[in-house]
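Right, one structure below, let's go through it.
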Amino acid sequence: MSQWQPLVDRGITNDGAGATGDLPAWPILVLYWLFPVFWLLGVGVFAPILLAPVLLAYLLLLPDVRFPAVLVPWLAFIVVVIGSVVGIDTFGRGIGFLYRLGNYVAATLALLYVYNSSHRTLSDRQVIMALAAFWGWIVLGGMLGVFFEDQSFRTPLSFVMPDFLLSNDLVQAWVIPNLSEVQQPWGSPVVFARPSAPFAYTNAWGCNYALLFPFALGALTILQGWRRWAFGTLMLLSVIPVAATLNRGMFLALGVGLGYVLLRLALEGRIVWLVSVAALAGGAGLVMVAAGVIDRIILRTTYSTTNVGRLALYQETFQRTLESPLLGWGGPRPSRLIGVSVGTQGHIWNVMFSHGFLALALFVGSILLFAWSTRHAVGLRFAAHVTLVMSATAIIYYGFDGPQMVTALVAAGLALRPAGPTEQDVTGEVSEFRRPEP
């Protein structure tokens, strides 16, 4: 095996190569390439749901829609989620329930769409570049948050939204977004301005940045000439908003992804790549330390009650789920102890409290199954697999209510779909995914 050959599992075959139809690429590409347009209109978090009917319509036109076997637990999860509607007791919670359910359905349709798409119309490289473009928009939004930290704006949706919805803090953060979260924990001598654009909260920014980072690296290997230099420069500049977020969850997710890649390189005997990746990661870490990021994280943690609050919230979440273990409560509820809703601060806690223990088992099992089933991914698809590995950790402390859930399932669809033996991208270049030699 060549030292520079992509990670390959020799057991991979392409016996199932060939998609069932020629689905157009634009519904998937529009979601990521034009995300800033959705955000400026005030419908950024609803973009996957808005495109879901289009995905469904095209899928229904296919003579045969393929369902990967590993999707069965996920579909069972959605059935349980639908059943948990019995716990909804107010109109507002009903709206929240429909939003979460819509996001799950949109993510499922996105997975099926990518999985069933022909390589002629939606190549792996197109998907990779679209996800990398989304990552680029996130970086640019973060830069806006750094340099215009106190700014916010009203989107067109905010002018037509009913007052009873606009009065909700979460909805208001969606349709009248701030470019940064400006926080000063009680007693802190420092104000922390943490970039959040193009999302409502910094945690969403950090989660999306981390999950999309493997695709950004994949894009860097695809691009040529000045485009590679421009994108590489953007990757370097992304250090600025990354440092400003002080987002421990993002660093943890990136650390998990890095550790996993290093492990795979070690198991493959890829010593040159192992040393190179470790050196680059170590250099980035030194830059963060030199920039004072670690000191600022420690300072913020010192005055913040985040850690204690999360622990208390998690304990309450588990105890109250025991009161409705089968189908949960349908959605988050105000905490009896602190000023945060139970069923937040991590998606597994949201699933457990909102939909019960069976839904939790199916959800976590599905994410782990996606990651395990794609472990043989090769070439650019390895980026999708790493994203799924990172997702399996991030669901513990990050919410996946927004585009991150769709991105995770798009990654699954990309890594699971059969690779054509001579797959070509839109430029006619042969991809890395060749049939292994016997």
Taking the stretch 222-250 and the residues there that are among the hydrophobic types (A, V, I, L, M, F, W, C) and not in a helix (DSSP H, G or I), the one that is farthest from Ala210 (Cα to Cα) would be Leu223
### Query
Does Ala57 meet the test of being under 23 Å from the mean Cα position of the chain (by Cα), hydrophobic (A, V, I, L, M, F, W, C) and assigned to a helix (DSSP H, G or I)?
no
Taking the stretch 319-331 and keeping residues surrounded by fewer than 14 Cβ atoms within 10 Å (Cβ to Cβ) and not in a loop (DSSP other than H, G, I, E, B) leaves Gln319
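Taking the criterion of being under 20 Å from the mean Cα position of the chain (by Cα) and polar (S, T, N, Q), would at least one residue in the stretch 149-157 satisfy it?
Just the residues of the stretch 149-157 that are under 20 Å from the mean Cα position of the chain (by Cα), to begin with: none.
Among the residues of the stretch 149-157, not one is under 20 Å from the mean Cα position of the chain (by Cα) and polar (S, T, N, Q), which makes the answer no.
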Scanning the stretch 116-127 residue by residue, those touching a Ser or Thr at 6+ places or on another chain (Cβ under 9 Å) and either assigned to a helix (DSSP H, G or I) or among the aliphatic types (A, V, I, L, M) (or both) turn out to be Asn116, Asp124, Arg125, Val127
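Conditions (1) closer than 22 Å to Trp33 by Cβ; (2) of a type in the set (S, T, N, Q); (3) at pLDDT 90 or above, marked per residue:
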residue	(1), (2), (3)
Leu109	yes, no, yes
Tyr113	yes, no, yes
Ser118	yes, yes, yes
Val146	no, no, yes
Ser158	no, yes, yes
Pro162	no, no, no
Leu165	no, no, no
In the set Val70, Val65, the lone residue that is in a loop (DSSP other than H, G, I, E, B), within 15 Å of Gly413 (Cα to Cα), of a type in the set (Val, Ile, Thr) and touching a residue at least 40 places away in the same chain (Cβ under 8 Å) is Val65
Taking the stretch 351-388 and keeping only residues that are in contact (Cβ under 8 Å) with a residue 40 or more places away in the chain, surrounded by fewer than 24 Cβ atoms within 10 Å (Cβ to Cβ) and either in contact with a Lys or Arg (Cβ under 6 Å, 6 or more places away or on another chain) or more than 27 Å from Thr321 (Cα to Cα) (or both), one is left with Ser373, Thr374, Arg375, His376, Val378, Gly379, Phe382
Of the residues in the stretch 325-341, those that are among the aliphatic types (A, V, I, L, M) and without any contact (Cβ under 8 Å) to a residue 60 or more places away in the chain come to Leu326, Leu337, Ile338, Val340
For Ser391, the lone unmet condition from (1) touching a Leu at 6+ places or on another chain (Cβ under 7 Å); (2) at positive phi; (3) not aliphatic (A, V, I, L, M) is (2)
Condition check for Val342: in contact with an Asp or Glu (Cβ under 6 Å, 6 or more places away or on another chain), buried (at least 18 other Cβ atoms within 10 Å of the Cβ) and within 12 Å of Thr317 (Cα to Cα)
yes
Here the residues within the stretch 270-310 that are within 18 Å of Leu246 (Cα to Cα), of a type in the set (D, E, K, R) and either surrounded by 15 or more Cβ atoms within 10 Å (Cβ to Cβ) or at pLDDT 75 or above (or both) are Arg296, Arg300, Arg310
Of the candidates Ala216, Ala266, the one satisfying the condition of being part of a helix (DSSP H, G or I), more than 30 Å from Phe148 (Cα to Cα) and touching a helix residue (DSSP H, G or I) at 6+ places or on another chain (Cβ under 8 Å) is Ala266
Looking across the stretch 270-292 at residues that are touching a residue at least 24 places away in the same chain (Cβ under 8 Å) and not in a helix (DSSP H, G or I), the single one that is farthest from Leu217 (Cα to Cα) is Ala291
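The values are calculated or read from the model by the stated rules, or taken from the named source; none is laboratory data. The model shown is predicted, which means the values in this text are computed figures rather than measured ones. Here Cβ is always computed from backbone atoms with ideal geometry, including for glycine, and neighbour counts include all displayed protein chains.
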